[in-house]
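Asks: My questions will all concern the structure given below.
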Amino acid sequence: MSNKIIVIDFGGQYNQLVARRVRECNVYCEIYSYRTPLEKIKEMDPKGIILTGGPSSCYEEGAASCSKELFEMGIPVLGLCYGAQLMAHVLGGKVEKAPVREYGKTAVTVDQTSRLFENVTENTICWMSHFDYISKAAPGFRITATTADCPIAACEYAEKGLYAIQFHPEVLHTAEGSKMLYNFVRNICGCDGSWRMDSFVENAIVEIREKVKDGKVLLALSGGVDSSVLAALLAKAIGKQLTCVFVDHGLLRKNEGDEVEAVFGKEGSFDLNFVRVNAQNRYYEKLKGITEPERKRKTIGEEFIRVFEEEAKKIGAVDFLAQGTIYPDVVESGLGGESAVIKSHHNVGGLPDHVDFKEIIEPLRNLFKDEVRKVGLQLGLPESLVYRQPFPGPGLGIRIIGEVTAEKVRIVQDADYIYRYEVDKALSEYKAANGSDAPWKPDQYFAALTNVKSVGVMGDERTYDHAVCVRAVKTVDFMTAEAAEIPFEVLQTVMSRIINEVKGVNRVFYDLTSKPPGTIEFE
């Protein structure tokens, strides 16, 4: 594919996000490990290369590195954070421990004469996250950005197409980061911006048919956005060769099992083979006594596969297991290149060693959530389904801190139902009164059950009950997020209803944590 940008991953957590931002510029890109041979990169004939961040110090022995030749290919190269430091280190500059570590939103002064900072405000806000810094630029480089604690926040050798920036333009916390990346891929690299998502469905259908041929496919259908889009995509590609198995593991939101069956079952509008497996008690038994988050995820993931194996035997010969794995699942499981594991996902990092299928197919694996939604709309899925709130594969198992029990599931289901109802009601009332969405409208909101029990007073009696935490975030790509500013009166109503209506709860918290440093889910 022409007009391609290559993202070289050095182990940073934002590698997939860099790729997503490039795609927003309508430029196709792919991610490769820093271990990829230079000859292979040359064969791909990219228009530009972006070096990502990483967790190491580039001057340490054994640190992720690259050859000097990478910067001599005549192709524009942009180094981000670790990538910037590595560029300086390899080309003769100096990188060392910073006297002051910068982390978070930072005021940056940029040189607007740089093509990288064209149309960027001279004093802008960027996201910093580094222990090391470039103390001396490499020969031929000029400094193009500074902060109070970082004298070389950006530098460049424009004549050779080399650009290095210490901060992260790919995260939303960097106010004008999208402009900077656009300037690089469109203006500096000369990409024409002709890549669109429109071709994804057509190409995916062809690839699925070529891979599956006459085989049978089993799909894990949760009713969430990812698996629903995948079901529609597979149905269009292979029709009745597909069987969708919906496992009700007892960890779904209130009434959700019946709602999923109503949409995808016999009475629904989808022409699919649909099987519902009620496995609530089986999961509760498996999860008994387990409190460690990763063990919970892996237990839930393994049980998913065991259930699918059993259903496959009932159905007959099944050649493929289809899963709605998407980019964030992969990167947070540490399978997207060099990144460290944040958490495993039931459909990637949580798979057991033995899987009784010929192969696993994951057509959405390289897409972000908003791209998956675009595919859903192209396939004719209703907006109400396409824009449904994300729900993790392990379900409420990771929204219950500590051991999972039927009683705890009941508590979080009821609290979550009340919370989402009141937020939806407030959003509807705002839109009816103002003709537009509320500025505080969250992209995801849910209740979780903490492992905190505290003393309370209810009806003049002492209680010692659970604390529920409610969370709401605003996000574009689910790789970064900010806490939504839910009106206090709405939160007060939620608190009052949960404490009065949900037996076993006497305290309600609101989570203000952004991502990073937290994650959207609790575990």
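The values are calculated or read from the model by the stated rules, or taken from the named source; none is laboratory data. It should be emphasised that the depicted structure is a prediction, and the values quoted were computed from it without experimental measurement. FYI the Cβ positions are ideal-geometry reconstructions off the backbone, even for glycines, and counts take in every protein chain you see. When the accessible area is computed, the model is the full protein with side chains, heavy atoms only, and any ligands, DNA or RNA have been set aside. Shrake-Rupley method; radii C 1.70, N 1.55, O 1.52, S 1.80 Å.
Asks: Can you tell me which residue within the stretch 110-135, out of those that are surrounded by fewer than 15 Cβ atoms within 10 Å (Cβ to Cβ) and in contact with a strand residue (DSSP E or B) (Cβ under 7 Å, 6 or more places away or on another chain), is nearest to Glu159 (Cα to Cα)?
Replies: Only one residue tops the list, namely Glu122.
Asks: I've got another one for you. Just to be sure I understand the filter: pairs with C-beta atoms under 7 Å, separated by 6 or more residues or on different chains, first member in the stretch 24-46 and open to solvent by 40 Å² or more (accessible area, probe 1.4 Å), second member of a type in the set (Ser, Thr, Tyr) and modelled with pLDDT of 90 or more. Which pairs pass?
Replies: Glu24/Ser178
Rundown of residues vs (1) farther than 18 Å from Val7 by Cα; (2) part of a strand (DSSP E or B), yes/no style:
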position: Glu60; (1), (2): yes, no
position: Leu78; (1), (2): no, yes
position: Gly83; (1), (2): no, no
position: Ala107; (1), (2): yes, yes
position: Asn119; (1), (2): yes, no
position: His130; (1), (2): yes, yes
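Asks: Any idea how many residues of the stretch 443-483 are free of Cβ contacts under 8 Å to residues at least 24 places away in the same chain and open to solvent by less than 10 Å² (accessible area, probe 1.4 Å)?
Replies: 0
Asks: I need every pair where a residue in the stretch 121-140 that is in contact (Cβ under 8 Å) with a residue 12 or more places away in the chain and closer than 16 Å to Leu80 by Cα has its Cβ under 7 Å from the Cβ of a residue that is charged (D, E, K, R) and buried (at least 20 other Cβ atoms within 10 Å of the Cβ), sequence separation at least 6 or different chains.
Replies: If the second residue must be charged (D, E, K, R) and buried (at least 20 other Cβ atoms within 10 Å of the Cβ), the pairs left are Met128/Glu102; His130/Glu102.
Asks: For the stretch 498-518, which positions are under 15 Å from Ala415 (Cβ atoms), outside any loop (DSSP other than H, G, I, E, B) and not aromatic (Phe, Trp, Tyr)? Working first, answer last.
Replies: Taking the stretch 498-518 and keeping what is under 15 Å from Ala415 (Cβ atoms), we get 498-511.
Imposing the further condition that a residue be outside any loop (DSSP other than H, G, I, E, B) reduces the set to 498-501, 505-511.
Within the stretch 498-518, Ile498, Ile499, Asn500, Glu501, Val505, Asn506, Arg507, Val508, Asp511 qualify.
Asks: Only residues that are over 25 Å from Ser454 (Cα atoms) and charged (D, E, K, R): list them for the stretch 478-523, please.
Replies: Within the stretch 478-523, Glu482, Glu485, Lys515 meet the criteria.
Asks: In addition: Return the residues of the stretch 398-442 that are surrounded by fewer than 17 Cβ atoms within 10 Å (Cβ to Cβ) and of a type in the set (Asp, Glu); say none if nothing qualifies.
Replies: Once the filter is applied, which keeps residues that are surrounded by fewer than 17 Cβ atoms within 10 Å (Cβ to Cβ) and of a type in the set (Asp, Glu), the stretch 398-442 yields Glu403, Glu407, Asp424, Glu429, Asp437.
Asks: Further question on the same structure: Scan the stretch 347-361 residue by residue and report those that are at pLDDT below 50 and open to solvent by 30 Å² or more (accessible area, probe 1.4 Å).
Replies: Result: Leu351, Asp353, His354, Val355.
Asks: Being aliphatic (A, V, I, L, M), touching a residue at least 60 places away in the same chain (Cβ under 8 Å) and either open to solvent by 10 Å² or more (accessible area, probe 1.4 Å) or in a strand (DSSP E or B) (or both) is true for just one of Ala148, Ala164. Which residue is that?
Replies: After applying the criteria, what remains is Ala164.
Asks: Among Val212, Val171, Val201, which is open to solvent by less than 10 Å² (accessible area, probe 1.4 Å) and either farther than 30 Å from Pro516 by Cβ or charged (D, E, K, R) (or both)? Before the answer, list the steps.
Replies: Numbers: Val171 fails: either farther than 30 Å from Pro516 by Cβ or charged (D, E, K, R) (or both); Val201 fails: open to solvent by less than 10 Å² (accessible area, probe 1.4 Å).
It is Val212.
Asks: Filter the stretch 215-245 down to the residues that are more than 17 Å from Gly268 (Cα to Cα), in a helix (DSSP H, G or I) and open to solvent by 20 Å² or more (accessible area, probe 1.4 Å) and list them by number.
Replies: Asp226, Gln241
Each row is one residue, and each column tells you yes or no for (1) closer than 26 Å to Asp329 by Cα; (2) assigned to a strand (DSSP E or B); (3) of a type outside the set (Gly, Ala, Ser).
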site	(1), (2), (3)
Val423	no, no, yes
Met479	yes, no, yes
Thr493	no, no, yes
Ser496	no, no, no
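Asks: So the check is Cβ under 9 Å with 6+ separation or different chains; which pairs have a first residue in the stretch 254-266 that's at negative phi and a second one that's open to solvent by 70 Å² or more (accessible area, probe 1.4 Å) and not hydroxyl-bearing (Ser, Thr, Tyr)?
Replies: Partner pairs satisfying both residue conditions: Gly257/Asn278; Glu261/Glu267.
Asks: Could you check the stretch 376-416 and list, in sequence order, the residues that are part of a helix (DSSP H, G or I), of a type in the set (Gly, Ala, Ser) and touching a residue at least 24 places away in the same chain (Cβ under 8 Å)?
Replies: Pass one, the stretch 376-416, residues part of a helix (DSSP H, G or I): 376-378, 383-386, 395-398, 406-416.
Restricting the remaining residues to those that are of a type in the set (Gly, Ala, Ser) gives 376, 384, 395, 397, 406, 415.
Hits for the stretch 376-416 are Gly376, Gly395, Gly397, Ala406, Ala415.
Asks: In addition: Being part of a helix (DSSP H, G or I) and either within 19 Å of Glu311 (Cβ to Cβ) or open to solvent by less than 80 Å² (accessible area, probe 1.4 Å) (or both) is the filter here, so list the residues in the stretch 249-284 that pass it.
Replies: Glu256, Gly257, Val260, Glu261, Ala262, Val263, Phe264, Gln280, Asn281, Arg282, Tyr283, Tyr284
Asks: Which one is most open to solvent (accessible area, probe 1.4 Å) among residues in the stretch 362-377 that are closer than 15 Å to Ala204 by Cα and modelled with pLDDT under 90?
Replies: Per the criteria, the residue is Asn366.
Asks: Considering only the stretch 54-84, state which residues are of a type outside the set (A, V, I, L, M), open to solvent by 10 Å² or more (accessible area, probe 1.4 Å) and in contact with a Cys (Cβ under 9 Å, 6 or more places away or on another chain).
Replies: Gly54, Ser65, Pro76
Asks: Do you know which residues across the stretch 13-23 are open to solvent by 10 Å² or more (accessible area, probe 1.4 Å) and closer than 21 Å to Phe131 by Cβ?
Replies: Correct list: Gln13, Tyr14.
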